[in-house]
Each structure stands twice: as structure tokens, then as C-alpha cells.
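The next block holds one structure in the form of C-alpha cells; read it before the comments.
The values are calculated or read from the model by the stated rules, or taken from the named source; none is laboratory data. Being a predicted model, the structure only gives us computed values, none of them experimental. Here Cβ is always computed from backbone atoms with ideal geometry, including for glycine, and neighbour counts include all displayed protein chains. We work out accessible area using only protein heavy atoms, side chains counted, and drop any ligands, DNA or RNA first. Shrake-Rupley method; radii C 1.70, N 1.55, O 1.52, S 1.80 Å.
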Amino acid sequence: MSANTFGTLFRFTTFGESHGPAIGCVVDGVPPRIPLDEDELQIWLDRRRPGQSKFTTQRQEPDQVRILSGVFDGVTTGAPIGLVIENVDAKSKDYSDIAEKFRPGHADYTYWKKYGIRDYRGGGRSSARETAMRVAAGGIARKVLDFALGDGVSIRGALTQIGPHEINRDNWDWAEVDNNQLFCPDAKAAKTWADYLDAIRKQGSSAGAVIEVVADGIPAGLGAPIYGKLDADIASALISINAAKGVEIGAGFGAASLSGEENADEMRRSNEGDVAFLSNKAGGILGGISSGQPIVARVAIKPTSSILSPRKTIDIHGTEVDIQTKGRHDPCVGIRGVPVAEAMMACVLADHWLRHKAQCG
């Protein structure tokens, strides 16, 4: 299996399966002499960790990360950083009934067609369990950005929609994201979502979501024209997240309904003599290069494919059968997708900072 590595200069390669003994990753390209310890990565993993509310899978994984290499006396050495997390609460027997059946909406069929074999235990390599290592790598990327750009950098994510229910953007409060279990910046919407998801969960069904990620404090100049565009790499990073089905930058698809006048981010001179943009329809990226404005991206997450309702499918012999997925699953996988989306944004930005420095000094 190829394509398990992401990035150009800041690169990480993940390994492991949902029900294997452990998952891990190797992060390469990290500059030396950056302070780093396990606790600094654990804070991000704890935000993604399963089993923390009734709205996420009840699989109890502590997701305790260990640094195996690349750090000495509390700082990075420039060598590859090896990370590992042990799997402690896999229940493979929950999947024995579907060993020969393809779950609709999952990668079961396509993995089987491509490789001629599949790990049916929780989806194996296609499981969102792999994203824990992306979050760990993202924690290192944040350290690189802090080292390079100072404390002014922030990468924050929030849910703006669950199912058909959107937030009221007039109520947006970043502090509220940490006050509820749904990463919701609108306190009123969070209550609506909780009731909605409770009903969805009791029905054994699932709901989709939209995640918005905002990166502040990123200077102008990151990214490259044509085939190295910053927004192209952000889109690639976000669409690679499990269950992601669409990405937009700035105004995104909404830009199609705007006039040229409405979509233009007009400019004036700031009090400091720099450029002051009057709007941010471009989402902080122009011509594939960061403009110095907040970088804004959204990713649409489909409803969790594992549901209790019987669905029509076929098995590996081509026989038409019905399937009912058992086990422990997120009624809305988009909730735990928020820290994953933040991590992927951080990895792209760290990579592009290193690429920018390599070319422009």
C-alpha cells in the first residue's frame, strides 16, 4: 500500500490499523532545537479522544502518545520523530458478522477490489483511528510554526453545521467552542444540536457536519503559483480526512453567486502603512499565496456510514444480502473531525513555511 506520506519538507508517514496492536507515525523535516515533549502533543490528542461524550463512539482509547526518537534533552534533534499510540480497547468480534459483507458507504468494497484482501476489523487502515496520528503530527507542526512565527499564530476549528442545522454567525464566540462537547461556537445552536443528535443516536442513525478551520497570524507569502498553491494543498489535506466529501476556501461555492464587486476584497493602506483588506472572500489566499489575512477553510463531513438500520449490500461471493453494522460508532464523526482538520491545516502551513524559507530565505 502506497501513499501513506503527506507533505514535502515537513512530512509525516502514518502506520497501523484500527484493531492492530498500535498506530504510529514518523515525522520528518522538523528543524532542530525546538522544545518538544509528549505532554505538548497530548493536549491535542485529548481533544480528539473517543468516548468523552454520548455523541461520540464509546470505544475507550486513552490515546497516550510516546515519542520514540528525534528528541533529546527536551528538544528536537533534526532526526525523524517517531510517535506511537497503543490500541487498548479494540473489540474485533463486533465485526465477525461482516467479514464477507461490504458495508455501504465504507471503503470495504474498494479496498477489496484494489488489494484482493481487506481488514474487516473496524475498517483496518481505512478507519478514522488513523487520524489520531495526524493530530499528533499536527501538534509538532504547531510547534514549528510557533518557533518560526511566534505566539501570534492560532489555528482553531469549529463545527458550523450538524445535519440540516447551521449556526447563527452573529452568535460566533470562539470561547464557546471549549464550553460544549460539539465544538460549537454558538451556544444556542449547541443546544439544538444536542437534542437533534440525541434523537439520531437513539434511532441508530447518523448525521453529517461542516467543519470550519481558521488560521490567524500567518504572514503573506506562503504558497507558490501554479502547482504549489497553498489553497490546493489545504484542500488536499482536508479532503484526505475520513468521510470528507467537499472543501471550500473563503467564500467557496458561495462565490459563484456573487458579483465581481461583491467578491473583490478591496484594499486600503493600514495605519501601519501595510495593506488593509476590507473583506476576506478569498479566505486569506490569492493566486495560491497567503495574503496575510486569516486563512479560512471549510470541509463537509458525510454522515457516519456505520448505522444500525439494515441496508442492502452484497458479499464477496456476489450474493445480495442485508447488513446491520454493530459495534461502537460516532453518530456524527464530524465532531471528532475538528481537531483533525486543525492538525491538517497546521501540517500544511508548517510545510509551506519551510518551503518558503528554502526558496526565499
Toy charge model, Lys and Arg Cβ at +1, Asp and Glu Cβ at -1: the chain dipole around Cα centroid in debye, rounded to 20, equals 1060 debye
On Cα atoms only, tilt of 38-48 relative to the major axis of the chain in degrees | 60 degrees
Highest-first arrangement of 254-265, 27-38, 229-240, where packing means the average Cβ count within 10 Å = 229-240, 27-38, 254-265
With the charge dipole of the chain built from beta-carbon charges (+1 for Lys and Arg, -1 for Asp and Glu) about the Cα centre, the Cα from TYR95, PRO294, TRP44 projecting farthest to the positive end belongs to TYR95
Carbon and sulfur together cover what percent of the accessible area of the stretch 195-335 at a 1.4 Å probe radius?
-> 52 percent
So, with points 7 Å from each Cα along the Cβ direction, the HIS165-ARG33 label distance in nm works out to 5.2 nm
Which Cα, out of THR160, ILE200, ALA220, lies furthest along the positive dipole direction of the chain (beta carbon charges, K/R +1, D/E -1)?
-> ILE200
Computed FRET efficiency, Cβ-Cβ of SER205 and LYS113, R0 25 Å: what is it to the nearest 0.05?
-> 0.35
Value of [θ]222 nm, deg cm²/dmol, for the chain, DSSP H segments ≥ 4, -39500 (n - 2.57) each, nearest 500 = -8500 deg cm²/dmol
Would you mind getting the accessible area per residue of the chain, heavy atoms of the protein chains only, 1.4 Å probe, in Å²?
-> 47 Å²
Expected max-MSF residue from SER206, SER127, SER270 in the GNM of the chain (alpha carbon, under 10 Å) is SER270
Shape category assigned to the stretch 112-218 from the gyration tensor of Cα positions, a/c cut at 1.5 = oblate
Treating only the Cβ atoms of Lys and Arg (+1) and Asp and Glu (-1) as charged, compute the dipole magnitude of the stretch 213-305 about its Cα centre; round to the nearest 20 debye.
-> 340 debye
Measure nothing but the geometry: give the 0 to 90° angle between the long axis through the Cα atoms of 334-360 and the longest principal axis through the Cα atoms of the chain, rounded to 10°.
-> 40 degrees
Sorting ARG11, ARG298, ARG121, ARG269 by accessible area (1.4 Å probe), largest first, what list results?
-> ARG269, ARG11, ARG121, ARG298
Scoring the chain by relative contact order with C-alpha pairs under 8 Å, at least six apart, yields a percentage of 22 percent
Quote to one decimal, in nm, the extra length available between ALA255 and GLU100 on full extension: 0.36 nm per residue of separation minus the C-alpha distance between them.
-> 51.3 nm
So, with +1 on the Cβ of K and R and -1 on the Cβ of D and E, and no other charges, what is the size of the charge dipole of the stretch 147-219 about its Cα centre, to the nearest 20 debye?
-> 320 debye
Place +1 on the Cβ of every Lys and Arg and -1 on the Cβ of every Asp and Glu in the chain, take the dipole about the Cα centre, and give the residue among ALA282, VAL30, PHE15 whose Cα lies farthest towards its positive end.
-> PHE15
SASA check, TYR111, accessible area w/ 1.4 Å probe, all protein chains in place, rounded to nearest 10 Å², comes out at 60 Å²
Does anyone have the angle between helix 230-239 and the longest principal axis of the chain? Alpha-carbon axes, 0 to 90°, nearest 10?
-> 20 degrees
Under the 7 Å Cα-to-Cβ spin-label approximation, ALA79 and MET1 lie apart by a distance in nanometres of 2.8 nm
To the nearest 0.05, the calculated FRET efficiency linking ALA187 and LYS312 through their beta-carbon distance, R0 being 51 Å, is 0.80
